[in-house]
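The values are calculated or read from the model by the stated rules, or taken from the named source; none is laboratory data. On a predicted model such as this, the values are computed, not experimentally measured, just so you know. Here the Cβ positions follow ideal geometry from the backbone for every residue, glycine too, while neighbour counts run over all protein chains shown.
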Amino acid sequence: MSPNSNPLIPRIGDESAVAHSWERFLLDRPLPGAGVRNVVLDSWRRSRSEAVDPNNRCAPAADENKVRQLRERSRDLYEAAKPVLETLREILRESGTLIMLSDPSGTILDLNGESRARNAGELINLAPGGCWGERLIGTNAIGTSIATHKPVQIYASEHYCVDVKHWTCAAAPILDPLGHNLLGVVDVSGVKETFHGHTLGLVISAAKQIEGVLARRDAELHGRLLDSALDGFKRYGSDCVVLFDHRGRIVKTGGSMQQAREMYGVRLPFEVGGQVPALDLSLHPDERKCLIPLWMRAEWLHPIRGRDGELGTLLVIPLGTPNKPKVSPAVSGSKSGAESDAFDDIIGSSAAIASVKSRARRIAPLDLPVLLLGETGAGKEIFARAIHKGSGKPGGAFVAVNCGALTRELLASELFGYAEGAFTGARRGGLPGKFEQADGGTLFLDEIGEMPLDMQPHLLRVLQDGVVVRLGDTRERKVAVRIIAATNRDLQADVSAGRFREDLFHRLCVVGLNLPSLRQRPDDIETIIDHLNQRFAKKYGCPPKSLPPEVMQNLQRYRWPGNIRELQNVFEAMFALSDGDCIDGTLLPPHIREAAVDSVLARDEPNVAATGRLAEMERQAINAAVASAHGNLSMAARALGISRSTLYVKLAAMRT
């Protein structure tokens, strides 16, 4: 790409070059070196991965009844945005543009503009009810802003679908001031002759104003909510207590969340601002019922009411007397209780896993960086938590970051934090990063091999100096953090290829630990299934279920490319879907049944290349995950235990 490939504002002079590049992109041919901005090219790739038809003539549209429901669901946003958008309309009165507000899915909730522009917009459903998510209509400002959570301006040929290419649009995301979740998008669109670079600044300013209105409203409501819930926190002081506002966002927590997870399988967002849709009071009660997690019990929910109705919900998870941790008999008498307890969660007694656990126990008390190497789903985070528990600071925080799941900018703010005003949407007062949150404890850097090369020097400096500087700030903050990193890549090969810094590799890999894949310890599969059976019985409130020998044999013969994570997901689905006390073979996923048959046939075929079988199994696993997720690639990536970007790469390779 040329130096001009990534500006914030499109260049009108690049239109013909962009059009030429788009034609070559659709034919999967190499692109010329200049013209297409990175934000546009990334969006084209997402559009292709979602199988968007570039010949789509218009966006799909929701009916009036659906739009009314969506407006009601986004009522807080809708009311906060109205005066701001009215001001924007006055500014752009003579510009021939449309000013609109969309919900987080990209459905237009409100639109204003002159009649000629509205008539033109209706031809492509740029109108109330029009659904402008990228996966439906490809690259456009609303959809691309939703996909990136960033402001964006898209001009003419940069759009993905043909009939949208005579338009220009600028959009900015509206982020929840508490949890930074996407609430909606403000957009200004017009035919391409109305293009002006200042439009992007106007929508950014409008989005910030709307966020300010929402922040002030939240502060007032949360003050009343906290006052009303104070007695509940005192009354249930020995339990795990979580306070949610009317939108299902966490406002305050108390008690041991870890104990609640262990006792009931509780799964909640870790941070204040995290949302649980089942407790969003703007949804219809029937819809909320469908969203209630399996672990959540009705008797734990206590509505918090004020003069004007329900303000929020208090979730009270009874803990009672904590269970004393068990000492593993395999190591009792030879190791201390603390060391034994730390590694009890790692199930298995095969020689392969026992050797790694023994080495990990010796590593745990040493205050040294550790690099965990192993395939996706092999249990790297479980080992990291066990090493933390067995360290000299088990009471310190354990903070995990997935370096492959975040963009470069988000990863920088997650790790190092940011100061107030550092970027659009930055929280008032700033926010500490994961290094500061892990001070005195352990920071787990998962998928470290995915960290962008230009970010690696900043991480290296923190590791060397023990000093972190928030984005947009100059103040240095001292931190004392133990680093445990993990990857499924060959980092030494990446170092040789220039994709990973050698000095950072040596700083992270003071001590290395190679975790075996599940197929390298098949003797542990039955033990792991027994453990999962007990856990899911407690989670679903029923007795453990039996497995016929042939079902167990199928599970043992499968090679589990997704390792323990894949085994856990498959077995939980079978457990939950079985009606009686027995899990029969009809609940086995087809690709596992087929793999078991193939493994029997393969005994008489020693000359089949192992790499070919592995590639075919990976292909089957990916196809099965995408089918199970009904084409939702984000859900499929989570099921496979890989990042969405990695899944895109693998799907592209399968098509070639």
Against the condition closer than 26 Å to Leu183 by Cβ and in contact with an Asp or Glu (Cβ under 9 Å, 6 or more places away or on another chain), how does Ile99 come out, does it pass?
yes
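Lys150: among the basic types (Lys, Arg) and either modelled with pLDDT of 95 or more or within 26 Å of the chain's Cα centre (by Cα) (or both), yes or no? Don't jump to the end; show me each part of the working.
Values: among the basic types (Lys, Arg): yes; either modelled with pLDDT of 95 or more or within 26 Å of the chain's Cα centre (by Cα) (or both): yes.
Answer is yes for this residue.
Quick one: count up the residues across region 272-295 that are touching a residue at least 24 places away in the same chain (Cβ under 8 Å) and either surrounded by fewer than 13 Cβ atoms within 10 Å (Cβ to Cβ) or not charged (D, E, K, R) (or both).
To start, the set of residues in region 272-295 that are touching a residue at least 24 places away in the same chain (Cβ under 8 Å) comprises 272-283, 293-295.
From what is left, the residues that are either surrounded by fewer than 13 Cβ atoms within 10 Å (Cβ to Cβ) or not charged (D, E, K, R) (or both) are 272-279, 281-283, 293-295.
The number of residues fulfilling the criteria is 14.
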Could you give every pair whose Cβ atoms fall below 7 Å, whose first residue belongs to region 440-467 and is more than 24 Å from Gly379 (Cα to Cα) and without any contact (Cβ under 8 Å) to a residue 12 or more places away in the chain, and whose second residue is surrounded by 18 or more Cβ atoms within 10 Å (Cβ to Cβ) and not basic (Lys, Arg), counting only separations of at least 6 or pairs across chains?
none
Kindly provide the set of residues from region 202-225 that are touching a Ser or Thr at 6+ places or on another chain (Cβ under 8 Å) and without any contact (Cβ under 8 Å) to a residue 40 or more places away in the chain, ordered by number.
none
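In the list Ser43, Ser16, which residue meets the criterion of being modelled with pLDDT of 90 or more, of a type in the set (S, T, N, Q) and in contact with a helix residue (DSSP H, G or I) (Cβ under 6 Å, 6 or more places away or on another chain)?
On the way: Ser16 fails: in contact with a helix residue (DSSP H, G or I) (Cβ under 6 Å, 6 or more places away or on another chain).
Criteria check complete, one pass: Ser43.
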Looking at Val185, Val203, can you tell me which residue is part of a strand (DSSP E or B), among the aliphatic types (A, V, I, L, M) and surrounded by 20 or more Cβ atoms within 10 Å (Cβ to Cβ)?
Val185
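Here's the yes/no breakdown for (1) hydrophobic (A, V, I, L, M, F, W, C); (2) touching a Leu at 6+ places or on another chain (Cβ under 9 Å):
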residue	(1), (2)
Val52	yes, yes
Arg57	no, yes
Arg75	no, no
Ala81	yes, yes
Glu86	no, no
Arg89	no, no
Leu92	yes, yes
Determine the pairs where a residue that is farther than 17 Å from Ile382 by Cα, located within region 396-409, has a partner that is crowded, with 18+ Cβ neighbours inside 10 Å and at pLDDT below 80 with Cβ atoms under 6 Å apart, the partner being 6 or more residues away or on another chain.
Gly404/Ser643; Ala405/Ser643
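Anything in region 543-579 that is in a loop (DSSP other than H, G, I, E, B) and either closer than 15 Å to Ala624 by Cβ or free of Cβ contacts under 8 Å to residues at least 24 places away in the same chain (or both)? List them, or say none. Quick ask: steps written out before the conclusion?
The first filter runs over region 543-579 and keeps only residues in a loop (DSSP other than H, G, I, E, B), leaving 543-545, 547-548, 558-562, 578-579.
Scanning region 543-579 gives Pro544, Tyr558, Arg559, Trp560, Pro561, Gly562, Asp579.
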Based on this model, can you work out whether Ala378 counts as buried (at least 22 other Cβ atoms within 10 Å of the Cβ), assigned to a loop (DSSP other than H, G, I, E, B) and in contact (Cβ under 8 Å) with a residue 40 or more places away in the chain?
yes
Residue by residue through region 482-520, note down the ones that are in a helix (DSSP H, G or I) and in contact (Cβ under 8 Å) with a residue 12 or more places away in the chain.
Leu491, Gln492, Asp494, Asp503, Leu504, Phe505, Arg507, Leu508, Leu518, Arg519, Gln520
